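Novice: My questions will all concern the structure given below.
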Amino acid sequence: MKWMSAVFVKSIALSLALFLSLLVAEPDPSVDPPYAKWGLIAVKEAQKKYNSEITDYLHIGRINLSPTEAEETFKLLLSRQGMPAAVLATVRFNTVTERLISIKFRDTQP
């Protein structure tokens, strides 16, 4: 009977350790990802340019162009005249000053 209680205690300890490791590994949802600022700018500028509400967006990724410049690319989903549409927004910015350099939009498939 003692061996069963030892096995039980070990399985409980392993389960607790696994649970705690998952808890620690989870990202904090209250912390914005580094690209959030640029995604918000892309959404606001697209709303102005296309005179449309953006229904969703996806962060495609970042490209570091130099030690002081980078681009974040987003796929923005919107509705044009009741039809689904999408654009790729590329936001170029200074990584040191966090200042916007340019935004380019290109139509793509929804």
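The values are calculated or read from the model by the stated rules, or taken from the named source; none is laboratory data. Quick caveat, the model's predicted, so the values are computed rather than measured. With ideal geometry, Cβ positions are generated from the backbone for all residues, glycine too; neighbour counts draw on all protein chains shown. Areas reflect the complete protein model, heavy atoms only, side chains present, ligands, DNA and RNA absent. Shrake-Rupley method; radii C 1.70, N 1.55, O 1.52, S 1.80 Å.
Novice: Could you list the residues of region 85-110 with an amide nitrogen less than 12 Å from a label point located 7 Å from the Cα of LYS37 in the Cα-to-C-beta direction?
Specialist: Residues passing the 12 Å test: 93-101.
Novice: Here's something else I'd like to know. Ordered by residue, what ³J(HN,Hα) values in Hz, to whole numbers, does region 63-68 give under the Karplus form 6.51 cos²θ - 1.76 cosθ + 1.60, where θ = phi - 60° and Gly and Pro are x?
Specialist: 10, 8, 7, 7, x, 10
Novice: Taking amide H positions as placed in the peptide plane 1.01 Å from N, state which residues far from THR95 in sequence (5 or more) or on other chains have amide H under 5 Å from it.
Specialist: Those qualifying (amide H under 5 Å, at least 5 residues apart or on another chain) are GLU69, ALA70.
Novice: Using each residue's phi in region 98-110, evaluate 6.51 cos²θ - 1.76 cosθ + 1.60 at θ = phi - 60° and report the 3J(HN,Hα) Karplus result to the nearest Hz, with x for Gly and Pro.
Specialist: 6, 9, 5, 9, 6, 10, 10, 10, 9, 4, 8, 7, x
Novice: How much accessible surface area, in Å² rounded to 10, belongs to the heavy atoms of LYS49 with a 1.4 Å probe?
Specialist: Ignoring ligands and nucleic acids, LYS49 comes out at about 130 Å².
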